[in-house]
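Down below is the structure, laid out as structure tokens.
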Amino acid sequence: MGVEFGLLGVVAAWDADGTPISLGAPRHREVLGRLLVARGRVVPVGRLVADLWPDEPPAGSVGAVRTFVAALRRALEPGRPPRRPSRLLVTDGPGYALRAGRETVDAWRFEDILARAVAAPPHAAVALWDEALACWRGPVLADFPAAAWAAADRTRLEALRLDAVERRADALVATGAARDAVADLRAHVTVHPGREDGWVLLATALDRAGRRGEALEALDQARDALADLGGGGALARTRARILSGRADFAAEPAGTADSVWDRATASWDRSVPARSRARLHATAGLLRDLAVTGPDGLEEAHRHRRDLVGAAEATGDTELAARIIGSYDVPAVWTRADDPDGAAELSRAAARAAARLGPGGPAALRARLLSVVAVESRGDAAADAPLPRAAHDPDTEPWRGRAERAAEEAVRLARRLGDPALLAFALNGAFMQSFADCGSASRRDALGGELTGLAVEHQLPGHEVLGRIIRVQALAGLGDFPEADTQAEEIDRVARRSERPLAHVFTAWYRALRTCETDGWPAARPLYAQLLRESTDCAMPGLTQGAAALVALIPVMRGDALPEPDDFAHLDPGPYRPWLDPLLLAASGATEQARQALTDVPRPPHDLLQEALWCVLARAAASVGHLPILSRARAELATAEAEYAGAGSGLVSFGPIARHLAAIDAALGVHGRS
């Protein structure tokens, strides 16, 4: 690793060996802290001046800032040759930016570990909470406690730290290690007596450790501490539990939720008759919530959803079946289905239900069914789709037009009805059908912006995460990485708050892509290696199958050469094989086989990776002189000239499409004359 930076304490930096780097005078450290807080975004010189001297900048302040930056560059990159531009603290337009990877800044590592801890079971979570809290050396930016530019980050990170302390204690209690939690919780509530959750956890831990008297004393202390702050309901419930001697509760609020769940499900089983249609409705809601709990929940929800739809259709009640099919409005972000056969079945079921209801059926229900058709008809996989046409045949598949019309009608109906949740679901379908042509990143950014605004206004956290992921992908495709960074940070924040751990998969992939764009493939390579290891368990095969082959293509496609076939011999291209095989055949010297593969190759799917796959086909076609594919690739990619190839996926980037178009033009010139 290169230089590491510290915000969780005094501003600090360490070299690759872990040796502290002398950063010079306080103003030097303040400039470094300010640039770190900007998270890779450019800070204009004028902004730096205003932040360093908020009252009255002295004469020569601009020159002083430049001097501070020059000194920091010497300290951070002592081996950099004279006059060679810095790759770490860079000049960008009117200001400066610090190009640091997420793993190199303690505050950002802390946030990433939190996201993993939230998604982990209690035993694993304890170690992760410990790892996260170990990132802290003291208060945020401790040497600049009064700096206004640091206030927002200081408040946010401190709130996350306090939450981490409590979540760690909760996990310890849940694993039976209540005694280990007591000392830290006592210190926690002493410093932060207004934290009701901290007091509840302390009392619970003491009770679980066999110290009931001390637990009740802690609750008395908490009541006094919170007297002027309101609240106290959780304290009263905890006291009642301790006095009743019930040992089946875990810490508040999770323990209370578990107990209510057990009693409610028992009551449900007693009260609702077997084979009641109410059970179908309840199961539909349960599966919708289960899908966002993490990999296991998502996998189970996918598996049971098909059975639930089958059971609903078997009742013969058209409207009941329609309501069950349309109830699963779980946000969907990846354009290749995890279970293509299952998605096709669901799309067919939704289309059948919509046809049976007819245009005169309930408008809201019709909009939901059409949204299901749009969401489940991803990429080029559809129940009634013909075989994909050859890549040099420009005709559009008929089914694709039907899916696009379904999305358009769903959005139109939802807007007319004024139902925010329904509109959010319909916009999800519109996103899935927004890939008719290459170069649609601007349109998707606008769609993601509308969805985000709608979700924020009406408190739909799942769709807020979806809207922001759509924006991250689109902004990366457009090359607006600073704004994509901002959206990624918001995704992680909302996902932590609303307990949606799978969102972290998408932000982690984006940050590897971002590192590749700013620091190059060597810096990004270990991040991708880690992601490929971790993503195997995310229960999203539509995302992960073939991902290793795409990653291996990054240095190839960002350069000008053909791949080394041996580098791909052990990799399974998965669903991307038809578009990678011609390139690998060409690289191995099998020119005629490569030409035949290009002649037979289907069009790249209408999805997040279509531009990237067209570039791969163009590279193969250029190497063997296949003019039809070169011409078709040129026509398809022309509308995306301002974008980055593949970056719209949020996974990989093959660099500016303009560069690939220039290579195509050169190849057309050579082969057209030959």
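Sort out which residues of the range 598-621 are surrounded by fewer than 23 Cβ atoms within 10 Å (Cβ to Cβ) and either acidic (Asp, Glu) or more than 28 Å from the chain's Cα centre (by Cα) (or both), and write them in order of number.
Answer for the range 598-621, where residues must be surrounded by fewer than 23 Cβ atoms within 10 Å (Cβ to Cβ) and either acidic (Asp, Glu) or more than 28 Å from the chain's Cα centre (by Cα) (or both): Thr599, Asp600, Val601, Pro602, Asp607.
Mind checking which residues of the range 637-674 are assigned to a helix (DSSP H, G or I), of a type outside the set (A, V, I, L, M, F, W, C) and at pLDDT 95 or above?
Thr639, Gly648, Ser649, Arg659, His660, Asp665
Yes or no: the range 52-70 includes at least one residue that is open to solvent by 10 Å² or more (accessible area, probe 1.4 Å), among the small types (Gly, Ala, Ser), free of Cβ contacts under 8 Å to residues at least 40 places away in the same chain and in a loop (DSSP other than H, G, I, E, B).
So far as the range 52-70 goes, yes, one or more of its residues are open to solvent by 10 Å² or more (accessible area, probe 1.4 Å), among the small types (Gly, Ala, Ser), free of Cβ contacts under 8 Å to residues at least 40 places away in the same chain and in a loop (DSSP other than H, G, I, E, B).
Does Leu627 count as at pLDDT 95 or above and buried (at least 24 other Cβ atoms within 10 Å of the Cβ)?
no
Would you check which residues across the range 129-159 are part of a loop (DSSP other than H, G, I, E, B) and either among the acidic types (Asp, Glu) or out of contact with any helix residue (DSSP H, G or I) (no Cβ under 6 Å at 6 or more places or on another chain) (or both) and list them?
Once the filter is applied, which keeps residues that are part of a loop (DSSP other than H, G, I, E, B) and either among the acidic types (Asp, Glu) or out of contact with any helix residue (DSSP H, G or I) (no Cβ under 6 Å at 6 or more places or on another chain) (or both), the range 129-159 yields Ala134, Trp136, Arg137, Gly138, Pro139, Ala142, Asp143, Pro145, Ala146, Ala147.
Name the pairs: first residue in the range 575-603 and of a type in the set (Gly, Ala, Ser), second residue crowded, with 17+ Cβ neighbours inside 10 Å and not in a helix (DSSP H, G or I), Cβ to Cβ under 7 Å, at least 6 apart or on different chains?
Short answer, once both residue conditions are applied: Ala586/Leu562; Ala587/Leu562; Ala587/Pro563.
Checking Val126 against (1) over 21 Å from Phe506 (Cβ atoms); (2) assigned to a helix (DSSP H, G or I); (3) of a type in the set (A, V, I, L, M); (4) open to solvent by 30 Å² or more (accessible area, probe 1.4 Å), which single condition isn't satisfied?
(4)
Hey, Val411 hits all of (1) among the hydrophobic types (A, V, I, L, M, F, W, C); (2) surrounded by fewer than 21 Cβ atoms within 10 Å (Cβ to Cβ); (3) over 24 Å from Glu643 (Cβ atoms) but one; which does it fall short on?
(2)
Collect the residues in the range 5-31 that are under 22 Å from Gly520 (Cα atoms) and open to solvent by less than 50 Å² (accessible area, probe 1.4 Å), keeping them in residue-number order.
Within the range 5-31, Phe5, Ala13 meet the criteria.
Taking the range 10-60 on its own, how many of its residues are closer than 17 Å to Phe144 by Cβ and of a type in the set (Phe, Trp, Tyr)?
1
Conditions first: (1) buried (at least 20 other Cβ atoms within 10 Å of the Cβ); (2) touching a Phe, Trp or Tyr at 6+ places or on another chain (Cβ under 6 Å); (3) at pLDDT 95 or above. Pro555 passes all but one, so which condition is the exception?
Of the numbered conditions (1) buried (at least 20 other Cβ atoms within 10 Å of the Cβ); (2) touching a Phe, Trp or Tyr at 6+ places or on another chain (Cβ under 6 Å); (3) at pLDDT 95 or above, the odd one out for Pro555 is (1).
For the range 459-469, check the following and say yes or no: at least one residue is surrounded by fewer than 21 Cβ atoms within 10 Å (Cβ to Cβ), touching a residue at least 12 places away in the same chain (Cβ under 8 Å) and at positive phi.
For the range 459-469, residues surrounded by fewer than 21 Cβ atoms within 10 Å (Cβ to Cβ), touching a residue at least 12 places away in the same chain (Cβ under 8 Å) and at positive phi: absent.
The values are calculated or read from the model by the stated rules, or taken from the named source; none is laboratory data. Keep in mind that this is a model prediction, so the values were computed, not measured. Glycine also receives a Cβ, built like all others from the backbone with ideal geometry; neighbour counts cover every protein chain displayed. Note: accessible area is taken over every heavy atom of the protein model, side chains too, but ligands, DNA and RNA are not part of it. Shrake-Rupley method; radii C 1.70, N 1.55, O 1.52, S 1.80 Å.
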